Amino acid sequence: MAQNHWAIRSLYGIRVLILGLGATLAAWGQTAASVVGTVRDVEGHPLPGVLVELTGPQGVRRVVTTDAQGRYRIEGLPPGEGYRLRCVLEGFLPAVVESVAVRSDVPTSVDVTLHVGAEAVVVVTPSRLNTSPEKLAATVQVVSRSDLMVSPQLLVVESLRQVPGFSLFRRSSGVMASHPTAQGMRLRGAWPSGASRALVLLDGVPINDSFGGGIYWNRVPRSALRQVEVIKSPVSTAWGNAGMEGALHFRTEAVGLREFQVDLQGGELGTMDADTTWRHRYGALSLLMAGRYFRTDGHYLLLPEQRGPIDIRAFSRMGSLLGRVTWDVSSRRQLFWAGNVFSERRSNGTPYTENSTDLWMTSLGTRWFTAGGDFWEVAGFWQSQTFRSTFSSVNSTRTQETPSLDQYDVPSVMGGFHIQWARPQPSGAQWSAGLDVKYIWGETREDYRWVATRFTRRRFAGGRQAFVGLYLNRLFQPVSNLYVQVGARVDAWGLFRGTRVERDLTTDAVLRDDRYEDRRRMAFSPTLGLRWRARPWADLRFQFSQGFRAPTLNELYRPFQVRNVVTAANPGLKPESLQAWELGADLRGGDFWQGSVTAFWYQVHDVISNVTVLERSAWPSLCGFVPAGGVCRQRRNIDLTRVVGLEWMNTFRFGQYLQTHVGYLWNDARIRKSLAPELIDKRIAQGPSHTAVFRVQYQHPQVFIAAVQVWYESSRFEDDLNTLRLRPVWLVDASVRRKIVRGVELYVSAENLLNTRVEAGRTADGLVTLGTPRVVRAGLHVQM
């Protein structure tokens, strides 16, 4: 009886198992629905790399990207009505397909066509994710590829003068006359310095000089650029150290684009430039190769009445190669590699004074989307460079120079990696979080103290830096017409193995052997941003942020000399810290007018500046030998500085072909607290109060393309004591281009058309360093 009962129960269990299995298989069969399709442009060309999001009933959300043929496939969907498909790709307007019905028996086919549109402009820098500027509180300006090509200026860094508030530490050109250590970028006239307080990126990789913080502006071929993002608000929350003042992002990615272009030009001052880029796609591989060679005989750096037999033209030679490979492993995963090689040699105006740089950089990474739409990216980079520079002292009649410093080898390396997670949504809301790790090593090896016919002393000085940062950002829309961005970042950083060793080259005796104590610090960088569409024609913006910048190895350990001004390093420098507030409005007047106005208030503690040493008795120990009529300065922290300013930009469009841009910046950047009372209320050196730009651009490809730009900057002070004033400057640049046949253009450009005197520097004994004079060029541009 018990056995029969056990048999009946077993048969019943088997029956339940079979029924359950059948129900499971039936349910699985119903969920095996899919949506497939192809995304193309208006000409029918497939578009790879399109972000495709499908949302539907029961909270279903799937995100994929299109493959090399523009195809996508989304599987594992429950059958039903009311699905919504959205496609997003940079440079195109988003496309939405509503009420998609998904069936279990056959795949649902949905093909999509994307249209080009200005509203599709996106930026990546402020949040480290592709985001429309119309959702951000930060002040963002995008310089497009078209703007760069039409610009009269030869160099990209000079073309960026069309952005109000952008300039270099000194007025001299980024190639024509400026020493590499004076090429730091400044935004909104705040804290000019050879070490840039703004971060510069190339496709997400930092390219600030690893030892000194400056920028080699010509390492990226102009023809390779797709756009340049200029972020004039602090970005320390997203990027950490070096993003205190803002960021500039060179972007070359253009997955799927096929093109070949060559630009050849030459002109006055023996100027020659060749720039070429080749992009192609082979199946799942997207390739970019670009190169540039530039040379100029340069110009004399001093006024004619101040020159002597020792003065020569400041020539320059440079070459650059850039490569990038992107492999679409699948519709959700991508691998990428990039490499950059750069070499340059410059004269600094006398036979002995020259400098040279050689560097290479490589990066490797992968990014992918999960089935649930989460985004991941893991990437690393490595950069190695060496720098050499020589300095001299010139006698009062400028008939003879005496070597004063030979930095014969300044090697440095920088490496790091990041891990990033994000949950982006085409609607604009997003989470992002990540880890950044960066390591820097650098050392200056130099000979100094010239006696009779040779140097008698040798100095080795340098150290290491390490940075580890964790960040979290959230962009969301709590109510209609309001976007909120909140974020926070914690950085741990340190200085390690700092040394300064000096020897007598005659006796090999050790004269100095300093071993600096390791230092470790923490920094907290929060941000809060609000953007509210108050009216269809007006957005209001507010942002608060904090940031920091650690002193560079150059500021800590490497001295330098400009003419008869000697600046000493300072291994005891503290990090800079920033609080920033800004309030702005973006305004629209239909297709005719767009404008923006922004008020900002910055406060920085311990800003690093070149401070004049008034105690002459301290000169020998700090600066060594100072030439007659010269000055000894040292890099020092200034307790408190404040910058208050107002910036506005306007764009007017007159019909299809003509547009004008007008921009203006006013700022008041002053020292408010210092241990040196003579500095209080002084303007920050090299910071002008007023900057303005006016640009007219006419683009009719069938007739001609022309641009005229007028740029004004008020006077600025060379020194911290505000005794050496540099006169105001007006610059007029112009260009005209004409298509000869399809894909071929001829053009003529002129920089400093009126040959205005540009004062880039002034010494205490009256020597004036000049910026670039008029340069007229002609060129040929071929694009296929």
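Would it be correct to say that residue 715 is under 30 Å from residue 632 (Cα atoms) and within 26 Å of the chain's Cα centre (by Cα)?
No: the conditions fail for residue 715.
Identify, by number, the condition in (1) of a type in the set (Gly, Ala, Ser); (2) on the phi > 0 side of the Ramachandran plot; (3) at pLDDT below 85 that residue 204 doesn't meet.
(3)
Could you list, in sequence order, the residues of the range 122-148 that are modelled with pLDDT under 85, of a type in the set (A, V, I, L, M) and out of contact with any Pro (no Cβ under 7 Å at 6 or more places or on another chain)?
Hits for the range 122-148 are 122, 124.
In the list 613, 604, 562, which residue meets the criterion of being β-branched (Val, Ile, Thr), crowded, with 16+ Cβ neighbours inside 10 Å and free of Cβ contacts under 8 Å to residues at least 60 places away in the same chain?
The conditions single out 613.
Considering every residue within the range 533-544, establish whether at least one is in the same structural domain as residue 601 (by the TED database), open to solvent by 10 Å² or more (accessible area, probe 1.4 Å), closer than 29 Å to residue 381 by Cα and modelled with pLDDT of 95 or more.
Within the range 533-544 (the criterion being in the same structural domain as residue 601 (by the TED database), open to solvent by 10 Å² or more (accessible area, probe 1.4 Å), closer than 29 Å to residue 381 by Cα and modelled with pLDDT of 95 or more), the answer is no, since none of the residues qualifies.
Just give me the residues in the range 50-62 being open to solvent by less than 10 Å² (accessible area, probe 1.4 Å) and under 13 Å from residue 34 (Cα atoms), in sequence order.
Correct list: 54 only.
Please go through the range 276-307 and pick out each residue that is assigned to a strand (DSSP E or B) and open to solvent by 30 Å² or more (accessible area, probe 1.4 Å).
Within the range 276-307, 276, 278, 280, 282, 285, 287, 289, 293, 295 qualify.
Residue by residue, here is whether (1) at pLDDT 95 or above; (2) among the hydroxyl-bearing types (Ser, Thr, Tyr) holds:
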site: 721; (1), (2): no, no
site: 724; (1), (2): no, no
site: 740; (1), (2): no, no
site: 759; (1), (2): no, no
site: 767; (1), (2): no, no
site: 772; (1), (2): no, yes
site: 776; (1), (2): yes, no
site: 780; (1), (2): yes, no
site: 784; (1), (2): no, no
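Specify the residue that is surrounded by the fewest Cβ atoms within 10 Å (Cβ to Cβ); the eligible residues are those in the range 318-362 that are farther than 28 Å from residue 395 by Cα and basic (Lys, Arg).
333
Quick one: how many residues across the range 201-245 are under 21 Å from residue 410 (Cα atoms) and among the acidic types (Asp, Glu)?
Final tally of qualifying residues: 1.
Within 30 Å of residue 566 (Cα to Cα) and not in a strand (DSSP E or B) - does that describe any residue in the range 352-375?
Yes: the range 352-375 contains one or more residues that are within 30 Å of residue 566 (Cα to Cα) and not in a strand (DSSP E or B).
State yes or no: is residue 369 within 22 Å of the chain's Cα centre (by Cα) and either under 27 Å from residue 550 (Cα atoms) or modelled with pLDDT under 90 (or both)?
no
Can you list residue pairs whose Cβ atoms sit under 6 Å apart, with the first residue in the range 93-107 being assigned by the TED database to the domain that holds residue 41 and the second being surrounded by fewer than 12 Cβ atoms within 10 Å (Cβ to Cβ) and part of a loop (DSSP other than H, G, I, E, B)? Count only pairs 6 or more apart in sequence or on different chains.
93/115; 93/117
Please specify each residue of the range 63-92 satisfying the condition of being within 19 Å of residue 374 (Cα to Cα) and surrounded by fewer than 16 Cβ atoms within 10 Å (Cβ to Cβ).
73, 75, 76, 84 - these are the residues of the range 63-92 that are within 19 Å of residue 374 (Cα to Cα) and surrounded by fewer than 16 Cβ atoms within 10 Å (Cβ to Cβ).
If residue 705 satisfies every condition in (1) open to solvent by 70 Å² or more (accessible area, probe 1.4 Å); (2) in contact with a strand residue (DSSP E or B) (Cβ under 6 Å, 6 or more places away or on another chain) but one, which is the exception?
(1)
Looking at the range 241-250, can you tell me whether even one residue there is open to solvent by 10 Å² or more (accessible area, probe 1.4 Å) and assigned by the TED database to the domain that holds residue 756?
yes
Taking the range 664-685 only, how many residues are of a type in the set (Lys, Arg) and not in a strand (DSSP E or B)?
Number of matching residues: 1.
Could you tell me which of the residues 710, 631, 696, 662 is closer than 30 Å to residue 401 by Cβ, touching a residue at least 12 places away in the same chain (Cβ under 8 Å) and open to solvent by 20 Å² or more (accessible area, probe 1.4 Å)?
631
Would you mind stating whether residue 185 is hydrophobic (A, V, I, L, M, F, W, C), crowded, with 24+ Cβ neighbours inside 10 Å and outside the structural domain of residue 773 (by the TED database)?
In short, yes.
Listed here are the residues, each with its yes/no results for (1) touching a Leu at 6+ places or on another chain (Cβ under 9 Å); (2) among the polar types (S, T, N, Q); (3) in a strand (DSSP E or B); (4) under 30 Å from residue 753 (Cα atoms).
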position: 619; (1), (2), (3), (4): no, no, no, no
position: 628; (1), (2), (3), (4): no, no, no, no
position: 637; (1), (2), (3), (4): yes, yes, yes, no
position: 641; (1), (2), (3), (4): no, yes, yes, no
position: 662; (1), (2), (3), (4): no, no, yes, yes
position: 687; (1), (2), (3), (4): no, no, no, yes
position: 702; (1), (2), (3), (4): no, yes, no, yes
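From the list 461, 433, exactly one residue is in contact (Cβ under 8 Å) with a residue 24 or more places away in the chain, more than 21 Å from the chain's Cα centre (by Cα) and either assigned to a strand (DSSP E or B) or assigned by the TED database to the domain that holds residue 240 (or both). Which is it?
Within the list 461, 433, the selection yields 461.
Among the candidates 257, 288, 248, which residue alone is over 19 Å from the mean Cα position of the chain (by Cα) and modelled with pLDDT of 90 or more?
From the options 257, 288, 248, the qualifying one is 288.
Can you work out which of the residues in the range 372-390 that are at pLDDT below 90 and open to solvent by less than 30 Å² (accessible area, probe 1.4 Å) is nearest to residue 209 (Cα to Cα)?
Going through the qualifying residues, I end up with 375.
Mind checking which pairs have a first residue in the range 573-601 that is closer than 12 Å to residue 539 by Cβ and a second that is open to solvent by 10 Å² or more (accessible area, probe 1.4 Å) and of a type in the set (Ser, Thr, Tyr), Cβ under 9 Å, 6 or more apart or different chains?
Filtered contacts from the range 573-601: 584/596; 585/596; 586/596; 587/596; 594/651; 595/651.
The values are calculated or read from the model by the stated rules, or taken from the named source; none is laboratory data. What you are looking at is a predicted structure, and each value in this text was computed from that prediction instead of being measured. All Cβ positions, even for glycine, are placed from backbone atoms using ideal geometry, and neighbour counts span all protein chains on display. Note: accessible area is taken over every heavy atom of the protein model, side chains too, but ligands, DNA and RNA are not part of it. Shrake-Rupley method; radii C 1.70, N 1.55, O 1.52, S 1.80 Å.
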